[in-house]
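Just below is one structure, and these are the notes that go with it.
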Amino acid sequence: MDAFAVSLGKGLTVCNVRPRYALSAGAWFGGFQALMPIIGYFLGHSFAGVVTSVDHWIAFALLALIGGNMLREAIWGDDEPQDGDFAPRKMLVMAIATSIDALAVGITMAFLEVNIWVAAAVIGVITFALSAAGVMLGCRFGNYLGSKAGVLGGLILIGLGVKILLEHLELL
């Protein structure tokens, strides 16, 4: 759902979404949501305490930074075209931010005798579909919202980062 929310936010900032944007978001988010549990699974016991103790802070910082940048661009403008939002560098940061908690889930799966390959495949396919749909849906709403779409997208990312942080601090 985190990846869906970020994809929705990205779709809000693009006026004319192309299928490659939806496929790109699906591939980045679905790929990382599938990869991180596998990495976590193999890390197993050795780093469980370290990862779960800071994953929420990393996700919060990355999403707040990206969301703040989206707000800045929406309010004060930027010469960068909206298509640049799907650049690999930006997508990589967002894919990591939304999948860090999946790393901790993978560590947990190592203790549960789960077939990690099947679990990762299911997670990846579902995230791919939701992320691609999120971009398309966000674009539809973005066309209605006009210039306010970037502000809404930035607020969604910042809100998502705050939600992740508050959940892990058990304040929600």
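The values are calculated or read from the model by the stated rules, or taken from the named source; none is laboratory data. Here the structure is a predicted model, which is why all the values come from computation and not from measurement. Cβ sites come from the backbone with ideal geometry, for glycine too, and all protein chains shown count toward neighbours. Accessible surface areas use protein heavy atoms only, side chains included; no ligands, DNA or RNA. Shrake-Rupley method; radii C 1.70, N 1.55, O 1.52, S 1.80 Å.
Between rounded, prolate and oblate, where does segment 88-132 land on the alpha carbon gyration tensor, with a ≥ b ≥ c its root eigenvalues, rounded for a/c under 1.5, else prolate if a/b exceeds b/c? Can you show the working numbers first?
Numbers: a/c = 3.27, a/b = 1.59, b/c = 2.05.
Oblate shape, in that a/c is at least 1.5 and b/c is the bigger or equal ratio.
Might you work out the accessible area of Thr108 for me, using a 1.4 Å probe with all protein chains in place, and round it to the nearest 10 Å²?
Ignoring ligands and nucleic acids, Thr108 comes out at about 70 Å².
Between Phe111 and Leu166, what length in nm is gained on full extension when 0.36 nm per residue of separation is reduced by their alpha carbon distance?
Extra length available between Phe111 and Leu166 comes to 17.2 nm.
Need one number: nm distance between label points at Asn69 and Ser53, each 7 Å from Cα along Cα→Cβ, rounded to one decimal.
Result for the modelled spin labels: 2.9 nm.
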